[in-house]
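Asks: Structure incoming, see below.
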Amino acid sequence: MSESLSVKRFFQSHHITLSDYWLESCIQWYQEENPNVNYSIETLNSAVYEQWLLLDLRDVEVPILPPNLAQQKKISLNNVYCLQLLYVQDISQPKLSQLQKIRTPNVLVDSSITDQEPKFYTGSKRMLQMVLTDGVQQIEAIEYKPIPLLKANIKPGSKIKITGPVQVRRGQIMLESKHLQLLGGEVEEILIPNAYENVLARALRLPENPHPTNVE
Amino acid sequence: MHLFCYLNVIKTSVRILCTNQAKPIMKYLNVAEKNDAAKNIAALLSRGASTRREGLSNYNKIYEFDTTIFGQPARMVMTSVSGHLLNYEFVTTYRAWQSCHPVALFDAPVVKQCPANYDNIKRTLEREIRQCQGLIIWTDCDREGENIGFEVIKVCTDIKPNIPVYRAKFSEITAASVFRALNTLGQPNKNISDAVDVRQELDLRTGAAFTRLQTLRFQKVFPDKLSDKLISYGSCQFPTLGFVVERYNAIEEFVPEDFWRIKMNHTMKDLTVDFNWKRDRLFDKNACEAILDICQENPQATVEEVESKSKSKWRPLPLDTVELEKTASRKLRINAKDTMKIAEKLYTQGLISYPRTETNIFPRELNLVPLVEQQTVDNRWGPFAQRVLNEGGPNPRQGRKSDQAHPPIHPTKYANNLNGNEQRIYEYIVRHFLACVSKDAMGHETVVHVDIADEKFLAKGLFILERNYLDVYTYDRWNAKEIHEYRVGETFMPSNLSLAESTTSPPKLLTEADLIALMEKYGIGTDATHAEHIETIKTREYVGLHENIYFVPGTLGMGLVEGYNRIGLEVSLAKPNLRADFEKDLKLICDGHKNPETVRREQIEKYRAVFGIVTERILEIDDSLGNRLEDRPRPLENEAIPQ
Ligand SMILES: [Mg+2]
C-alpha cells in the first residue's frame with residue numbers, strides 16, 4: 001500500500017477529507033525535510049495531521065458540506081464534519097461594550113449610575129456564534145445550548161469536529177455540547193485580523209489592534 | 001480638664017466679687033457661625049428675653065441675656081462670624097503671578113490671616129472678649145465649623161491667653177437642643193480642625209500652582225481663544241469635570257447596534273400578559289429567527305413553575321445630605337446649591353435639624369414621638385402622621401452610616417408659613433421623615449415560568465396589599481401588574497409569538513443627581529462640598545447645562561481633561577484617584593489616626609511630582625486643547641511657562 005493511501009485512510013478514519021494534491025505534496029515535503037530517516041507510518045500520519053491543523057482549508061477547497069447550506073431554512077446534517085473556525089463572537093451582548101471591556105478594563109470610571117431601574121433579567125447568558133468553513137462554503141454555528149468547552153479565546157483557524165445529526169436553521173448550525181469537539185490548530189494569516197478584539201472593532205468600524213488583547 | 005477650667009473660672013470671678021462687692025456674675029462670649037444662628041440660639045436660651053446691640057460689623061449683631069452655667073448665674077454675650085474668619089494666603093512676595101515659578105508655590109511660606117472685609121468681625125471679638133471670663137463656641141458641628149471655632153479661639157486667646165474655652169454641641173436649633181448643649185459643654189476637637197487646615201493649605205498650593213501654570217501657558221499658546229481667560233484648577237473641580245467629560249465622550253463614541261428578541265404574550269378575558277424571553281435579546285437576526293422558527297413549529301406553552309411570594313417596597317432610609325441633594329434635584333428640580341442654601345435657612349430658623357450629615361441612623365436617645373406629633377396638625381400629611389402614631393410607630397428604618405455628629409435630617413418644628421422652594425424642600429423633608437418612620441409597602445408577587453419548545457419565558461404580576469409609606473411619600477411609585485392565575489402543568493397557546501427589533505441607545509448625559517452620586521462613590525469632596533464644586537465648574541464655563549438638566553462639557557473643559565488623561569491616567573488631575581486618597585488621609589487625621597504634618601508633607605510631595613510630570617509633557621495638553629478649541633498651538637520656547 002502506498003504511503004499516501006495509508007495516510008488518506010488514517011484521515012478518513014478521523015472523518016477528514018483531504019485533497020489528494022495537498023496530501024501528496026505534504027508527504028513529499030516531509031520526506032525532503034527528513035532525508036535518510038526511517039520513519040514509521042504512524043509518525044508520518046501525525047506529521048501530516050499537524051500540518052493539516054495549521055492548514056487554511058480555503059487554500060485547498062475540498063467541499064464537504066451540502067451545497068447552499070446557508071440558504072436552507074431547515075435541514076439536518078447527519079454525518080461527521082471537520083471544519084475550520086474563521087472567528088467567533090458573542091451575540092448575546094452589544095459589541096461595543098464587549099470591546100470596551102477588552103480595551104479599557106480598569107481605566108473607565110464606572111459611571112453607570114447606581115439607582116437605575118432594576119433589570120428584569122438576572123443577566124443574559126452567553127451565546128457564541130462561530131463562523132466556520134469547509135474551505136468552500138462559509139457557515140455559521142450558534143451555541144444553541146451552553147457548550148462549556150467552547151471559549152471566546154479559541155484561535156482563529158482552529159479545526160473543529162461536528163458530529164450529526166444536528167439541525168441547521170436559516171443557515172445556522174444549532175450546536176449543543178454533544179455535537180462539538182475541538183481539534184486544535186490555527187491559521188497564522190488570520191490570527192491577528194480575526195482575533196476577538198479585531199472582529200468586534202471591524203464590525204463597529206473602529207481601528208483594529210495589530211497586537212490584539214487576549215480574551216478569556 | 002473640664003473641672004480644672006471650671007475652678008479657674010470660679011477663682012477669677014471671686015476676685016471680681018471682692019473688688020466690686022457685687023453678685024459673682026460670670027460673663028461669657030458666645031460665638032456662632034452666622035448671625036441668624038446667633039440670633040435664634042440667643043432667643044431660645046433667653047426664652048425671647050435677649051437684648052440686641054450693634055457690633056462693629058453691620059451683619060453680625062450682639063445679643064445679651066442671662067442664664068445659668070455650671071449651676072451659676074451667668075451673663076451671655078452672643079455674636080457671630082460669617083463662616084471662616086481667617087484664610088491661608090501666601091506671604092506677600094509670592095502673591096504676584098510673575099513673582100515666582102508656580103512650582104515654588106509648593107514650598108512658599110503661607111500665613112493664616114483675616115481678610116480685610118472680615119476685619120470688623122475680628123475686632124468685635126477682640127473688643128468683647130476683654131469683658132468676658134469664658135468663651136463658648138457655637139459654630140456648626142461639622143468639620144468646617146470646628147475649624148471656624150479654632151479661628152475664633154485664636155483671635156480671642158491672642159487677647160486673653162488663658163481664657164477658658166468650651167464647645168457647645170448641637171444638631172438643631174431648638175430649645176431642647178441648645179439647652180442640652182449648654183448643660184453638656186465640652187472641648188473643641190483639634191484633630192478635626194487640623195484636617196481642615198491641611199485641606200485648606202493643600203487647596204491653596206495646588207490650586208494656585210496649577211492655575212498659574214495653566215493660565216500663563218495657555219493664554220500664550222492660544223492667544224486668539226484664551227488670551228484673557230483665567231484657567232483655574234481645583235483638586236475637586238477637575239475630577240468632577242472629568243466625570244462630565246467621560247460621559248460625554250462615551251456618548252460621542254457610542255455606536256448603535258441592532259438587536260432582536262422573541263416577543264410572546266397571552267391574552268385572555270381582555271387581559272394581555274407579556275412574557276419576557278429569558279435570553280433577553282440577540283444581536284444577530286438570523287440566530288433569533290432560527291430560534292423563533294423552532295418555537296413556532298411547536299408553539300404550545302407549558303407552565304413549568306409558579307412562584308408566589310410576598311414582596312415589599314422599602315420605605316426610604318433616614319435622610320442624609322447626599323440623598324437630600326439627589327432627590328431635590330431629581331424630583332423637585334431644585335439644584336444642590338439652592339437646596340443646601342434653603343436647607344441651611346430652614347435649619348437656622350429651627351425648622352429642621354442640621355442639614356449637613358452623613359448619618360442615616362436615628363440615635364436611640366432621640367425621641368421621635370413628639371417630632372411626629374408636631375406634624376399631625378397639617379391637613380396634607382397630618383392624618384398620615386397620626387396613623388404612624390396609632391399604628392405603634394414611629395419605627396425608623398435604619399441605615400448603616402453615622403458621622404457621630406449629627407442625626408439624619410428631620411423636621412424639628414411644624415411650619416405652615418413657608419412659600420415657594422422653601423416650602424417644597426420643607427415638605428419633602430417632612431414627608432421623607434414620616435415615610436422612613438412608618439412601614440414598608442406590602443405586596444404580593446407572582447412569577448410564572450413557561451416553556452415553548454425548550455425556550456424559557458417568564459412573566460411577573462404584582463398585587464399591592466398595603467401602600468403604607470407610599471401614602472405620604474409621593475415621590476415614589478409602585479405599580480400593580482395584573483396577571484392570570486396559572487397552574488403548573490397547564491398549557492396555553494400564545495396570542496402572539498413574533499420577532500421584535502430594536503437598537504441600543506447611548507447612555508444619557510449626567511444629571512446633577514448622577515454627578516453627586518459619582519462624587520460620593522469616588523470620594524470627591526464631602527457631602528458638605530459637592531454642591532460647591534459643581535457650581536465652580538459651571539461658573540468657570542468648563543461645563544454647561546443642556547435642557548437645564550444635563551451636564552455637557554465646554555470645549556476648554558474637554559481639551560483640558562483629554563490632555564491630562566493623555567499624560568497618564570494614574571496621575572491625571574481629571575481622574576478621582578489623587579483627590580480620593582487625600583480625602584482618606586483627612587478622615588484619618590479627624591479620627592486621630594494620622595499626624596496632620598505627615599499628611600501635609602506627603603500630599604504636597606504627591607502633587608509636586610504630578611506638577612513635574614505635567615510641565616514635562618505639557619505639549620500633549622497643548623495638542624489636546626488645540627483639537628477641541630480648533631486652534632493651532634502657538635509654538636513656545638522649551639519653557640513650560642513663557643517669561
Ligand atoms: Mg457651616
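The values are calculated or read from the model by the stated rules, or taken from the named source; none is laboratory data. Everything numeric in this text was worked out from a predicted model, so none of it was measured. As a convention, Cβ positions derive from the backbone with ideal geometry for all residues, glycine included, and neighbour counts pool all protein chains shown. Protein only, heavy atoms only, side chains kept; ligands, DNA and RNA dropped before computing areas. Shrake-Rupley method; radii C 1.70, N 1.55, O 1.52, S 1.80 Å.
Asks: Return the only residue of B:Glu512, B:Glu547 being away from chain A (no Cβ under 14 Å), more than 16 Å from the ligand (Cβ to nearest atom) and more than 17 Å from B:Tyr233 (Cα to Cα). Spell out how you get there, then give the answer.
Replies: Details: B:Glu512 fails: away from chain A (no Cβ under 14 Å).
From the options B:Glu512, B:Glu547, the qualifying one is B:Glu547.
Asks: Looking at this structure, is A:Ile113 within 11 Å of chain B (Cβ to nearest Cβ), open to solvent by less than 30 Å² (accessible area, probe 1.4 Å) and at pLDDT below 95?
Replies: Yes, satisfied.
Residue-wise test of (1) modelled with pLDDT under 90; (2) within 14 Å of chain B (Cβ to nearest Cβ).
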residue: A:Ser40; (1), (2): yes, no
residue: A:Asn45; (1), (2): no, no
residue: A:Leu85; (1), (2): no, no
residue: A:Leu96; (1), (2): no, yes
residue: A:Leu99; (1), (2): no, yes
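Asks: List pairs: first residue in segment B:518-531 and touching a residue at least 12 places away in the same chain (Cβ under 8 Å) and among the hydroxyl-bearing types (Ser, Thr, Tyr), second residue outside any loop (DSSP other than H, G, I, E, B) and within 13 Å of the ligand (Cβ to nearest atom) anywhere in the structure, Cβ distance under 8 angstrom, at least six positions apart or on different chains.
Replies: Filtered contacts from segment B:518-531: B:Thr526/B:Arg143.
Asks: Shifting gears a bit: Do we find that B:Val472 is at pLDDT 95 or above, touching a Leu at 6+ places or on another chain (Cβ under 8 Å) and surrounded by 15 or more Cβ atoms within 10 Å (Cβ to Cβ) in this structure?
Replies: yes
Asks: Restricting segment A:167-193 to residues that are under 25 Å from B:Glu289 (Cβ atoms) and out of contact with any Asp or Glu (no Cβ under 8 Å at 6 or more places or on another chain), which is nearest to the other protein chains (Cβ to nearest Cβ)?
Replies: A:Met174
Asks: Also, I was wondering about something else. If only one of B:Gly83, B:Gly48 is in a loop (DSSP other than H, G, I, E, B) and within 16 Å of the ligand (Cβ to nearest atom), which one is it? Spell out how you get there, then give the answer.
Replies: Working: B:Gly48 fails: within 16 Å of the ligand (Cβ to nearest atom).
Testing whether each residue is in a loop (DSSP other than H, G, I, E, B) and within 16 Å of the ligand (Cβ to nearest atom) leaves just B:Gly83.
Asks: In the set B:Glu427, B:Glu391, B:Glu455, which member is touching a helix residue (DSSP H, G or I) at 6+ places or on another chain (Cβ under 8 Å) and among the charged types (D, E, K, R)? Spell out how you get there, then give the answer.
Replies: Working: B:Glu427 fails: touching a helix residue (DSSP H, G or I) at 6+ places or on another chain (Cβ under 8 Å); B:Glu391 fails: touching a helix residue (DSSP H, G or I) at 6+ places or on another chain (Cβ under 8 Å).
One residue alone meets the criteria, B:Glu455.
Asks: Please work out which one of (1) surrounded by fewer than 18 Cβ atoms within 10 Å (Cβ to Cβ); (2) within 14 Å of chain A (Cβ to nearest Cβ); (3) without any contact (Cβ under 8 Å) to a residue 40 or more places away in the chain is the condition B:Asp228 fails and give its number.
Replies: Of everything listed in (1) surrounded by fewer than 18 Cβ atoms within 10 Å (Cβ to Cβ); (2) within 14 Å of chain A (Cβ to nearest Cβ); (3) without any contact (Cβ under 8 Å) to a residue 40 or more places away in the chain, B:Asp228 misses just condition (2).
Asks: Out of B:Asp514, B:Asp454, I need the residue that is crowded, with 17+ Cβ neighbours inside 10 Å and of a type in the set (D, E, K, R). Which one? Please lay out each step first, then the result.
Replies: Working: B:Asp454 fails: crowded, with 17+ Cβ neighbours inside 10 Å.
Checking each option against the conditions leaves just B:Asp514.
Asks: Another one. Looking at B:Tyr564, B:Tyr542, which is the one that is within 14 Å of chain A (Cβ to nearest Cβ) and more than 16 Å from the ligand (Cβ to nearest atom)?
Replies: Residue meeting the stated conditions: B:Tyr564.
Asks: Another question, then. Right, B:Ala37: at pLDDT below 95 and within 16 Å of the ligand (Cβ to nearest atom) or not?
Replies: yes
Matching residues to (1) away from the ligand (no atom under 16 Å from the Cβ); (2) at pLDDT below 95; (3) within 14 Å of chain A (Cβ to nearest Cβ):
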{"residue": "B:Glu358", "(1), (2), (3)": "no, yes, no"}
{"residue": "B:Pro363", "(1), (2), (3)": "yes, yes, no"}
{"residue": "B:Asn367", "(1), (2), (3)": "yes, yes, no"}
{"residue": "B:Val372", "(1), (2), (3)": "yes, no, no"}
{"residue": "B:Pro383", "(1), (2), (3)": "yes, no, no"}
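Asks: Assess whether B:Val561 counts as being in contact with a strand residue (DSSP E or B) (Cβ under 9 Å, 6 or more places away or on another chain), among the β-branched types (Val, Ile, Thr) and under 30 Å from B:Asp293 (Cβ atoms).
Replies: no
Asks: Given (1) open to solvent by less than 30 Å² (accessible area, probe 1.4 Å); (2) touching a Ser or Thr at 6+ places or on another chain (Cβ under 6 Å); (3) away from chain A (no Cβ under 14 Å), where does B:His530 come up short, assuming only one miss?
Replies: (2)
Asks: For B:Asn265, all conditions in the list (1) surrounded by 20 or more Cβ atoms within 10 Å (Cβ to Cβ); (2) closer than 30 Å to A:Gln93 by Cβ hold save one; what is the number of the exception?
Replies: Looking at each condition in turn, B:Asn265 falls short on (1).
Asks: One residue is enough: does segment B:547-563 have a residue meeting the conditions under 26 Å from B:Ala405 (Cβ atoms) and at pLDDT below 90?
Replies: Taking segment B:547-563 first, the residues under 26 Å from B:Ala405 (Cβ atoms) are none.
No; the residues of segment B:547-563 include none that is under 26 Å from B:Ala405 (Cβ atoms) and at pLDDT below 90.
Asks: From the residues in segment A:166-216 that are acidic (Asp, Glu) and within 17 Å of the chain's Cα centre (by Cα), which one is most open to solvent (accessible area, probe 1.4 Å)?
Replies: In this case the residue turns out to be A:Glu216.
Asks: The conditions are (1) touching a helix residue (DSSP H, G or I) at 6+ places or on another chain (Cβ under 7 Å); (2) within 14 Å of chain A (Cβ to nearest Cβ); (3) not in a helix (DSSP H, G or I), and B:Leu241 fails exactly one of them. Which is it?
Replies: (3)
Asks: Could you list, in sequence order, the residues of segment B:392-421 that are part of a loop (DSSP other than H, G, I, E, B) and farther than 15 Å from B:Thr357 by Cβ?
Replies: Selection gives B:Gly392, B:Gly393, B:Pro394, B:Asn395, B:Arg397, B:Lys413, B:Tyr414, B:Ala415, B:Asn416, B:Asn417, B:Leu418, B:Asn419.
Asks: Tell me the residue from B:Glu616, B:Glu637, B:Glu583, B:Glu570 that is at pLDDT below 95 and closer than 22 Å to B:Arg199 by Cβ, please. First the steps, then the outcome.
Replies: On the way: B:Glu616 fails: closer than 22 Å to B:Arg199 by Cβ; B:Glu637 fails: closer than 22 Å to B:Arg199 by Cβ; B:Glu570 fails: closer than 22 Å to B:Arg199 by Cβ.
None of the others qualify; the one that does is B:Glu583.
Asks: Next question. Within the set of pairs 6 or more residues apart or between chains, which connect a residue that is away from chain A (no Cβ under 14 Å) and under 15 Å from B:Asn191 (Cβ atoms) inside segment B:142-157 to a residue that is within 9 Å of the ligand (Cβ to nearest atom) and of a type outside the set (Asp, Glu) with Cβ atoms less than 7 Å apart?
Replies: B:Asp142/B:Arg356; B:Asp142/B:Ala528; B:Glu144/B:Ala528; B:Gly145/B:Thr139; B:Gly149/B:Thr139
Asks: Here's something else I'd like to know. When you scan segment A:123-216 for strands (runs of 3 or more DSSP E) that lie fully inside it, which ones turn up with 1 or more residues that are at negative phi and among the acidic types (Asp, Glu)?
Replies: Working: elements: A:128-133, A:138-143, A:159-163, A:166-169, A:172-175, A:180-184.
Filter on segment A:123-216 gives A:138-143.
Asks: Something else: Condition first: more than 7 Å from chain A (Cβ to nearest Cβ), out of contact with any Asp or Glu (no Cβ under 9 Å at 6 or more places or on another chain), within 24 Å of A:Glu143 (Cα to Cα) and not polar (S, T, N, Q). Now tell me which residues in segment B:293-311 satisfy that.
Replies: Within segment B:293-311, B:Glu297, B:Pro299 meet the criteria.
Asks: Output the number of residues of segment B:479-507 satisfying the condition of being assigned to a loop (DSSP other than H, G, I, E, B) and either surrounded by 13 or more Cβ atoms within 10 Å (Cβ to Cβ) or over 36 Å from the mean Cα position of the chain (by Cα) (or both).
Replies: Total satisfying the criteria: 15.
Asks: Under 6 Å between Cβ atoms, at least 6 apart or on separate chains: pull out the pairs that start in segment B:262-288 with a residue that is more than 9 Å from every other protein chain (Cβ to nearest Cβ) and end on any residue that is among the β-branched types (Val, Ile, Thr) and open to solvent by 60 Å² or more (accessible area, probe 1.4 Å).
Replies: These pairs meet every condition: B:Asn265/B:Thr272.
Asks: Could you identify the single residue in B:Ala250, B:Ala301 that is open to solvent by less than 50 Å² (accessible area, probe 1.4 Å) and more than 30 Å from B:Leu545 (Cβ to Cβ)?
Replies: B:Ala301
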